[in-house]
Protein chains: 2
Amino acid sequence: MSNNVKGYAAQSPTGRLGLFDFERRGLRPDDISIEILYCGVCHSDVHNVRNDWGNAKYPMVPDHEIVGRVLEVGPKVKRFKPGDRAGVGCLVESCRHCGACGKGWEQYCENGATYTYNHSDPIDGTRTYGGYSEKIIVSERFALKVPDSLDLAGTAPLLCAGITTYSPLRHWKVGPGSKVAIVGLGGLGHMGIKLAKAMGAQTTLLSRSPGKEADARRLGADHVVISTDPAQMAAVAGSFDLIIDTVPYKHDVNPYVPTLASGGTIVMVGYLGPLDDFNTGPLIFSRKGLAGSLIGGIAETQEMLDFCGEHGIHSDIETIRIQDINEAYERLLRADVKYRFVIDMASLREDQ
Amino acid sequence: MSNNVKGYAAQSPTGRLGLFDFERRGLRPDDISIEILYCGVCHSDVHNVRNDWGNAKYPMVPDHEIVGRVLEVGPKVKRFKPGDRAGVGCLVESCRHCGACGKGWEQYCENGATYTYNHSDPIDGTRTYGGYSEKIIVSERFALKVPDSLDLAGTAPLLCAGITTYSPLRHWKVGPGSKVAIVGLGGLGHMGIKLAKAMGAQTTLLSRSPGKEADARRLGADHVVISTDPAQMAAVAGSFDLIIDTVPYKHDVNPYVPTLASGGTIVMVGYLGPLDDFNTGPLIFSRKGLAGSLIGGIAETQEMLDFCGEHGIHSDIETIRIQDINEAYERLLRADVKYRFVIDMASLREDQ
């Protein structure tokens with residue numbers, strides 16, 4: 001089978017994404033190739049395409065929320081066969097032998113994990129290209145099995161937005177009796193609410209926008225607190241064991257800290273960068289913490305998919321065609337999506 | 001027995017400490033009175049006396065590192081009898097019923113713990129006065145037993161400097177195989193090194209000053225890293241499970257974060273206040289955390305004293321007379337002490 005594929009790529013930080021023909025690397029013995037059926041659109045795709053983080057390489061085929069069906073398997077593949085449902089998230093390789101990899105934390109690989117796009121294959125140095133494409137080739141070690149009970153389109157965003165919120169919920173041991181708050185109701189936040197609720201936590205949305213209450217409750221939130229209202233924030237002082245802050249831009253984190261219980265942690269998963277002013281005093285006076293968390297390891301991502309399969313959890317999505325990706329990026333920047341765009345990759349076959 | 005006592009007090013933020021006669025509250029049924037034999041001098045005493053935190057009340061009798069012998073016991077006291085060795089740390093009361101108190105975290109009491117000085121007794125509203133005095137009266141619930149194997153003078157600083165470093169070491173589960181770094185070699189830092197080493201951790205001092213290496217090794221450090229040397233800091237990238245930052249003034253915390261291992265935490269115990277710029281990115285890319293920790297609970301403080309008794313751990317001290325307290329404060333501000341001043345309170349009896 002040829003590894004020439006068509007996809008959609010950005011050619012520069014200012015350009016629009018358009019049709020792009022390229023070659024995928026060949027199938028290795030432990031590889032599978034996957035026909036891509038659906039791709040979730042992550043806020044980080046827009047950052048990468050626009051070179052907001054200064055490391056963009058063009059042409060860039062974005063996307064790391066990929067689901068489809070297995071086309072081919074290499075001779076050493078054990079867990080997949082052609083026709084199986086399969087997913088690929090943010091990682092396609094890691095060193096496999098460092099301390100972090102040994103713990104199943106491939107996302108924190110000490111020798112540097114290989115991201116699904118805008119990165120280099122560690123074996124042959126070929127460029128990694130993401131999901132806006134007909135197919136992807138990946139080691140079965142980094143491919144996920146998608147439970148039969150899950151709808152494929154609504155599963156795609158689980159591979160980034162889902163695992164990004166699932167991993168801190170698990171790492172900080174959320175379960176029945178836990179009190180969890182989610183800051184921000186977007187792609188990550190809506191998954192955080194669903195997952196925390198399904199784990200048995202009392203779940204609160206902390207939002208700047210009063211208009212989100214009904215939707216938050218529909219998604220599973222027990223409470224909604226308007227974070228710009230000092231009285232509402234004072235009423236939840238000392239409440240939360242864990243806060244997951246999904247806001248993807250620089251913002252003031254200090255007001256959330258007093259709402260943590262003693263020993264509680266606020267985990268940043270959306271914004272990567274400096275805080276202008278962060279007060280350590282409130283951390284000290286109640287043994288609180290500010291932490292960060294990045295997606296999740298491969299075994300944990302599989303655990304998350306299985307958990308979602310058991311609990312019937314999907315992302316809330318709006319399905320689009322690949323030809324609409326540029327407009328979708330603009331809408332994403334305006335937070336005009338509930339709650340994740342998913343591209344029906346059948347649309348790619350219409351392009352010649 | 002009269003509760004009129006003499007002590008040393010500050011009368012204003014700018015004044016020197018001098019002789020002061022005052023009345024202690026009366027003995028309640030579960031109280032003990034303690035003849036004060038030694039007092040450690042904590043950096044926070046200077047902050048409090050000079051009203052650096054804006055909440056000073058004068059006259060102020062400082063000190064919360066108190067050891068002595070029991071004089072009297074109330075009728076309901078069970079754990080102490082006259083003549084017993086006893087200590088009082090930073091806390092003399094808490095609500096005893098909130099979630100934090102229930103966990104033995106009286107220092108994080110949700111209704112506000114009562115500090116040993118510059119605070120108000122929650123029952124009768126009388127002022128709390130610290131250790132620069134002939135005696136102190138405290139509920140046995142907040143008094144500590146001092147193991148017979150410990151020298152009393154070298155024990156006094158354990159009640160703040162010791163527990164402040166012991167509590168995060170225990171909370172973050174340090175033991176054999178752990179890699180711990182201590183930032184700063186002062187009153188807190190020298191205890192952090194001794195305690196981390198005694199718990200079996202590989203222990204590193206991170207210091208700006210090359211001159212501290214020999215002393216750090218004598219105290220138990222396996223390694224000394226000069227934190228202003230980028231090459232030395234790069235050599236320990238990704239190393240530490242826990243960093244305890246004891247530096248008591250505003251400083252840049254960012255350079256320490258890369259030296260944490262994945263999942264590691266840097267805990268602030270010295271500086272309480274805003275950081276000008278703290279970068280969340282490195283937290284996210286290795287699931288690291290910035291946390292705070294404040295002294296320790298009463299049961300944990302007893303555990304720490306027992307641990308020090310078993311391991312023969314004292315503070316390194318320079319003994320002074322109470323009449324020298326004003327000069328000692330000046331030297332403390334110049335970091336001119338190895339590593340804690342302890343007042344021999346017998347000197348107080350010379351004053352009329």
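Values in this text are rule-based calculations from the coordinates and carry no lab data. Only a predicted model underlies this, so the values are computations on that prediction, with no experimental measurement involved. Every residue, glycine among them, receives a Cβ derived from its backbone with ideal geometry; neighbour counts consider all protein chains shown.
Quick notes
- For A:Ser149, label point 7 Å along C-beta direction: distances to other copies, nm: 5.6
- Residue-averaged [θ]222 nm for the protein assembly as shown, counting only DSSP H segments that reach four residues, each worth -39500 (n - 2.57): -6000 deg cm²/dmol
- When the chymotrypsin sites (Phe, Trp or Tyr not before Pro) in region B:1-30 are filtered for DSSP coil states and for at most 13 other beta-carbon atoms within 10 Å of their beta-carbon, no site remains.
- In this simple spin-label model, placing a label point 7 Å from the Cα along the Cα-to-Cβ direction at both A:Phe22 and B:Arg96 gives a separation of 6.9 nm.
- Within the protein assembly as shown, the proportion of C-alpha pairs whose separation exceeds 34 Å stands at 52%.
- A:Lys78/A:Asn3 FRET efficiency (R0 30 Å; Cβ-Cβ; nearest 0.05): 0.85
- Listed residue pairs exceeding 30 Å between alpha carbons, taken from B:Lys135/B:Lys179; B:Lys103/B:Lys145; B:Lys78/B:Lys135; A:Lys81/A:Lys179: B:Lys135/B:Lys179; A:Lys81/A:Lys179
- Shortest-first distances to equivalent copies, position B:Lys76, nm, label 7 Å out along Cβ: 7.2
- For the protein assembly as shown, the antiparallel share of DSSP beta bridges with both residues in that region comes to about 55%.
- Note on region A:51-193: the C-alpha convex hull projects to 10.7 nm² when averaged across all orientations.
- Residue order, fewest to most beta carbons within 10 Å, for B:Tyr115, B:Tyr132, B:Tyr38: B:Tyr115, B:Tyr38, B:Tyr132
- Rounded D (µm²/s) - region A:163-292, Kirkwood Rh over Cα pairs, Stokes-Einstein at 4 °C, 1.567 mPa s: 91
- Scanning residues 5 or more positions from B:Glu134 or on other chains, those with amide H under 5 Å from its amide H are B:Lys6, with H placed 1.01 Å from N in the peptide plane.
- Once the C-beta distance of B:Arg208 and B:Asn55 is scaled by a Förster radius of 25 Å, the resulting FRET efficiency is 0.25 to the nearest 0.05.
- Tail weight of P(r) past 15 Å, computed on alpha-carbon pairs of region B:51-105, percent: 69
- Computed Rg/Rh of chain B, alpha carbon atoms with Kirkwood Rh: 0.97
- Amide H contacts of A:Leu275 (H built 1.01 Å from N, in plane; Pro and chain starts excluded): B:Phe278, B:Asn279, B:Thr280 sit under 5 Å, all sequence-distant by 5 or more or on other chains.
- Gyration tensor (alpha-carbon) shape descriptor, region A:244-285, a/c threshold 1.5: oblate
- Note on region B:261-352: Cα convex hull, mean projected area over all directions, 9.9 nm².
- Candidates per trypsin sites (Lys or Arg not before Pro) in region A:106-190, loop by DSSP, up to 12 other Cβ within 10 Å: A:Lys173
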